[in-house]
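Notes to accompany the following structure.
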Amino acid sequence: MPISQHNDFHSQQERNILVDFIPAVLKHTKSEGYLIEYHYKDKITNKLIRKRYYLNRVVNAYRKKSDGVNHARRIVHELNEKLKTGWTPIFETENQRLYTPILELRDIYLNNKKRDLRADTMRSYTSMTNIFNEWIEGSNRSGKVTGNFLRYDAICYMDYIYSKGYSNRTYNNTLKGMRTFFSWAVEHCYCKENPFSNIKTKTKEAKKRIIIDEKSRKKISEYLRVKNPQFLIVCQLVYNSAMRPKEIANIQIGNIKLDNRYIVVTEDNAKNKKARCATITADVIEYLRPLIKGKPDNYYLFGMNKELQPAAKRCALSKFRKLWDDMRTKLNLPQEMQLYSLRDTGMIDLLHAGVDELSVQHHFDHSDLSIQAIYTNHFDPNLNERIFTKAPKF
């Protein structure tokens, strides 16, 4: 292509930022001599950047001028071949990681963290980043690179999360997760700043749980004793042993110490990663004794089967929620009565029974009494009756 025609093409393409580059050309002027000029697109600013190389030393190093010009033309050809593959001078002069496609960041992050995170945490991060990538593709941002994912994009994503009707708690947990995700990206040079760092959290909502009174607990017990005695044990462990549903799902036969009347909650299973011993009551011990007899230590107490019998593979945590929801519907109990409500109820009942606050704090694995106060602040349908009948006279 003649130089004049190439320059016309050059001027036309310079105005069109949809192209990734404008091919390199060899130029010669009286004032500047021999030089190569090309344009590449900065994927962060999305603008074409002009680049020039002076080749007077290269050309003049040859005795024959034509040999020097041929060498310069070979440089132009090699440069254009590199530009066709997506190469830019940024890869040699600046941080290459800023140009990582945003959709690839998730896999890089998860591969990096899989050795450090627990399996449950890994599943949570996998789910969170999967939702993020789906939004990236659905919002036509798949062409973005990590260095060009800015605060505006982060705000748009959090607006999307809010528009889905999630609770403020879920919104805040998502925001916390994304801050962690992009803090890692900044630390590893995929971003210059964390785009989620200055987004405010939503006001925390009050926990939508109420305590489960003795009458309702009796109904639950009578129903499950016939329909699903294994799930009744789950409920008793939540209420009496202050175990969280996730901790219960991960109980292995080897963790159960019947003679010592407790279940070991390992640090890998505990919410705060601190091992503890959860007390078990006499009725639970008597049920567990024949159930676990002869079972391998690595079997889970609640296995992946219809009856929740011990097995090599543990049941899904969602199984507990489904069984609870089905039971609650059949017994016509309020929706605010959740499986976790049994834990709150057990805490309040221990305090009412005269157990000191410090012992209750340790039993329920709370870091301090202020945390405990959050969980004891629930509506008690029997409170008015107790006050009415037991309040002293003025």
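The values are calculated or read from the model by the stated rules, or taken from the named source; none is laboratory data. All values derive from a computational prediction rather than experimental measurement. As a convention, Cβ positions derive from the backbone with ideal geometry for all residues, glycine included, and neighbour counts pool all protein chains shown.
Some points to look at:
- Complete set of residues in the stretch 48-63 that are more than 21 Å from residue 31 (Cα to Cα) and surrounded by fewer than 11 Cβ atoms within 10 Å (Cβ to Cβ): 63
- Residue match in the stretch 221-237 (condition: in contact with a Phe, Trp or Tyr (Cβ under 9 Å, 6 or more places away or on another chain), surrounded by fewer than 18 Cβ atoms within 10 Å (Cβ to Cβ) and assigned by TED's automatic domain parsing to the domain that holds residue 334): yes
- Tally of residues being under 30 Å from residue 306 (Cα atoms) and touching a Pro at 6+ places or on another chain (Cβ under 8 Å) across the stretch 177-210: 1
- Condition check for residue 283: over 15 Å from residue 120 (Cβ atoms), of a type in the set (D, E, K, R), assigned to a loop (DSSP other than H, G, I, E, B) and free of Cβ contacts under 8 Å to residues at least 60 places away in the same chain: no
- Among the residues of the stretch 244-262, some residue qualifies, meaning at least one is surrounded by fewer than 19 Cβ atoms within 10 Å (Cβ to Cβ), closer than 30 Å to residue 287 by Cα and either among the small types (Gly, Ala, Ser) or in the same structural domain as residue 159 (by TED's automatic domain parsing) (or both).
- Restricted to the stretch 43-159, the set of helices (runs of 4 or more DSSP H) holding at least 1 residues that are more than 30 Å from residue 170 (Cβ to Cβ) and among the small types (Gly, Ala, Ser) comprises 65-84.
- In the stretch 132-146 there is at least one residue that is surrounded by 15 or more Cβ atoms within 10 Å (Cβ to Cβ), modelled with pLDDT under 90 and of a type in the set (A, V, I, L, M, F, W, C).
- Residue under evaluation residue 79, criteria (1) within 30 Å of residue 183 (Cα to Cα); (2) buried (at least 16 other Cβ atoms within 10 Å of the Cβ), criterion not met: (1)
- Some residue of the stretch 234-245 being part of a loop (DSSP other than H, G, I, E, B), among the hydroxyl-bearing types (Ser, Thr, Tyr), touching a residue at least 12 places away in the same chain (Cβ under 8 Å) and in contact with a His (Cβ under 9 Å, 6 or more places away or on another chain): yes
- Residues of the stretch 271-287 that are of a type outside the set (Asp, Glu) and surrounded by fewer than 18 Cβ atoms within 10 Å (Cβ to Cβ): 271, 272, 273, 274, 275, 277, 279, 281, 282, 285, 287.
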